[in-house]
Every structure is written in structure tokens, then in C-alpha cells.
Amino acid sequence: MTVTTQPSGPELADVHAIVEQVWSSFLGDEEPLLPRYADAAEEGTPAFPAEHVWSAAVSVHGGWTGTVTVELSSSVAQSLTRLMLAMEDEPLDDAEVADAVGELVNMIGGNIKSLMPGPSALTLPVVAAGRAAHSSELAEVARFDAMWNGEPVRISVHAPQS
Amino acid sequence: MTESPMTQRAMIIDDSKAMRSILRRIVSGLSFETAEAAHGQEALDQMEAGFMPDLCLIDWNMPVMDGYTFITEVRKRPEWRNITLMMVTTESEQGQIVKALAAGAHEYVIKPFTPDAIVEKLELLGLVSKGVLA
């Protein structure tokens, strides 16, 4: 009998590198994405310091199974939407923000998928106004917290609990 | 009188409006006339209706009709054989890249990309002159 176990998730350094590459390719280097590490006083988990949040997720199924989630403050979501759409002062609607946040998680998730065993398939993004919810069958296996323009950005990877 | 060069046309096929906007700015800067579609079937419909592109930039994962199916549909039509097909996608598995190229894609760009990466591919394909952005 052969027993195979899936790798739990990507290395945090790889997630960091992918996020930075996606960010700089589409949002430029003028305002860098600054990693935000857990403060020892916070005992591990930094809070997500934003009241109004957008989140988006894609799932990978196949050689590796997991979910990649992006959470952004509303301010970051609106800024990245304006940059991607090359809009300045025109009003944005929620559909435009959802589209841009969805494309962001699609690029990050697609590149994380490429690090993991395949073949596998990527779902279309699911986007919501609010924090992300995860199935209780999934455990967080990697998380990258950062700040951009003084606002929080979180990328997390969840995989089935072994 | 000098005859002006014929404008080339690009069809941008991606379900993300933001990504279509980014690609449109790149190819418009290269003097392409552009049209956009949110999935493969919408692109086919526009082509049937008369927008005949020289270049299609094609995402893989889209609702209704994905990029791979779009390529196979285009390659069934001999009258569309001169259209250059370039995948622009997060799909980066070697098997998928080979599958798209075998189906008739000419080039493959993995997201994220820089504008220069798109221009370089178009130069290689002979659709823009070398150093056009220099």
C-alpha cells in the first residue's frame, strides 16, 4: 500500500516573493509593500487593523489542494483598482473593486499553484466585501502580512488539515 | 501622397476588466486598435460580427468559454489562420503551456508580466518593430 501525503503548503518566503512580484508588476515600486511581522507582544497573530475590508479567494484542486486568500483594507482595494484601471478621481463602483481584487488573488494564487505538486486546476476568484471565511476543514499553512500606504494587506494559504 | 500604414487590431480576452485595461494600455501604446471580450464566446461573436483582429491576447481561466477552447475554435477556421494568438495567463504548468501551443497558440506569457515582456513577445512575433518603445 502506498500512502501519499500532500505538502501542507508553500514556504512563506516563496509567498512573500510572489506577492512582491505581482504587486510591483501592476502597482509599481513607488510605494513599496512593507512586510509586517508579528509583534512579540502580540503573541503570534497580528490583528488585521482595518474596519472596512475586501477579501478574495481562489482554490487549487489536484496534486495539491488549498485556498489562497487576499484581504485588503477598503482603502488599499480602491487604490489598487484605480491603478489597474488607470482612473484618478472618477467614482469607483463595487464591481470594479471586486474585479481588481479578484484579479490580484488570481495572479497570486496561480503563481502559488505553480510551486506546488501538479497537475492541478485553479478556480475562478470569489470576492467579498468583508473578512474571508474559511472551512473548518482547512488550516492556515502560510500567512504574509504587509502594509501598503499605511494600510494592511494579508495573504494567507489554507490547506486541508492532515 | 504617402499611404498611411494599416492599423493593426488586437482583441483582448480576459474576464477581468482591470486586466483588460492594463493590456489595452500596452497595445494601444503600440498603435493597435483594440476590442475587448470577457470570455472566448464573446470574442468569437465579435469576430463573426466583423472585428477581425491581427492579434488576440487570451486569458486561460474564464467563464462561459475558456482560452484553450477559444484557441481550438479559432484554429478550426481556415479564414482565421493569420490571427496571432498569445496566451496571457496565470496558468503556468508545463503541460498546460504545451497543450495551448499544440492547439495553435503562438506565444505564452505568464502573469504577472511587465509591459516590456508583452512588447518583447510582439517583437518576436513580428507584430511590432524592435525598439518601438525605446
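A single member of B:M11, B:M47 is in contact with a strand residue (DSSP E or B) (Cβ under 9 Å, 6 or more places away or on another chain), away from chain A (no Cβ under 14 Å) and within 23 Å of A:N106 (Cα to Cα), and it is B:M11. Of all the residues in region A:78-121, those that are facing chain B (nearest Cβ under 7 Å) and either of a type in the set (D, E, K, R) or surrounded by fewer than 17 Cβ atoms within 10 Å (Cβ to Cβ) (or both) number 5.
The one condition from (1) at pLDDT below 85; (2) farther than 23 Å from A:Q21 by Cβ that A:Y37 does not meet is (2). Candidates are the residues of region B:13-30 that are within 12 Å of the chain's Cα centre (by Cα) and free of Cβ contacts under 8 Å to residues at least 24 places away in the same chain; the one that is nearest to A:E103 (Cα to Cα) is B:R20. The set of residues in region B:94-134 that are charged (D, E, K, R), part of a loop (DSSP other than H, G, I, E, B) and crowded, with 18+ Cβ neighbours inside 10 Å contains only B:K111. Being within 22 Å of B:K17 (Cα to Cα) and either outside any loop (DSSP other than H, G, I, E, B) or not hydrophobic (A, V, I, L, M, F, W, C) (or both) narrows it down to one residue among A:M107, A:M147; which is it? Within the list A:M107, A:M147, the selection yields A:M107. Filtered by the rule that a residue be touching a Phe, Trp or Tyr at 6+ places or on another chain (Cβ under 9 Å) and within 25 Å of B:T89 (Cβ to Cβ), region A:123-146 gives A:V127, A:A128.
Out of the residues in region A:135-160 that are acidic (D, E) and in contact (Cβ under 8 Å) with a residue 24 or more places away in the chain, which is farthest from the other protein chains (Cβ to nearest Cβ)? Reasoning before the result, please.
The first filter runs over region A:135-160 and keeps only residues acidic (D, E), leaving A:137, A:140, A:145, A:151.
Still in the running and in contact (Cβ under 8 Å) with a residue 24 or more places away in the chain: A:137, A:145, A:151.
Numbers: A:E137: 24, A:D145: 20, A:E151: 19 Å.
Ranking the candidates gives A:E137 first.
If I filter region A:57-72 down to residues being in a loop (DSSP other than H, G, I, E, B) and within 13 Å of another protein chain (Cβ to nearest Cβ), which single residue comes out as surrounded by the most Cβ atoms within 10 Å (Cβ to Cβ)? Let's see the steps before the verdict.
Residues of region A:57-72 that are in a loop (DSSP other than H, G, I, E, B), as a first pass: A:63-65.
Still in the running and within 13 Å of another protein chain (Cβ to nearest Cβ): A:63-64.
Values: A:G63: 15, A:W64: 20.
Looking at residues that are in a loop (DSSP other than H, G, I, E, B) and within 13 Å of another protein chain (Cβ to nearest Cβ), I get A:W64.
Taken across region A:74-83, residues that are touching a Leu at 6+ places or on another chain (Cβ under 7 Å), in contact (Cβ under 8 Å) with a residue 40 or more places away in the chain and of a type outside the set (K, R) do occur, with at least one present.
Among the candidates A:A47, A:A132, the residue that is small (G, A, S), under 23 Å from A:D14 (Cα atoms), more than 11 Å from chain B (Cβ to nearest Cβ) and without any contact (Cβ under 8 Å) to a residue 40 or more places away in the chain is uniquely A:A47.
Residue-level analysis places A:S75 among those that are modelled with pLDDT under 95, more than 14 Å from chain B (Cβ to nearest Cβ) and within 20 Å of B:A18 (Cβ to Cβ). The condition of being more than 30 Å from A:G118 (Cα to Cα) and in a helix (DSSP H, G or I) does not hold for B:M52.
B:N61 meets all of the listed conditions (1) in contact with a Cys (Cβ under 8 Å, 6 or more places away or on another chain); (2) over 17 Å from B:L122 (Cβ atoms) but one, namely (1).
The values are calculated or read from the model by the stated rules, or taken from the named source; none is laboratory data. Quick caveat, the model's predicted, so the values are computed rather than measured. Note that we place each Cβ from the backbone using ideal geometry, even for glycine, and neighbour counts take in every protein chain shown.
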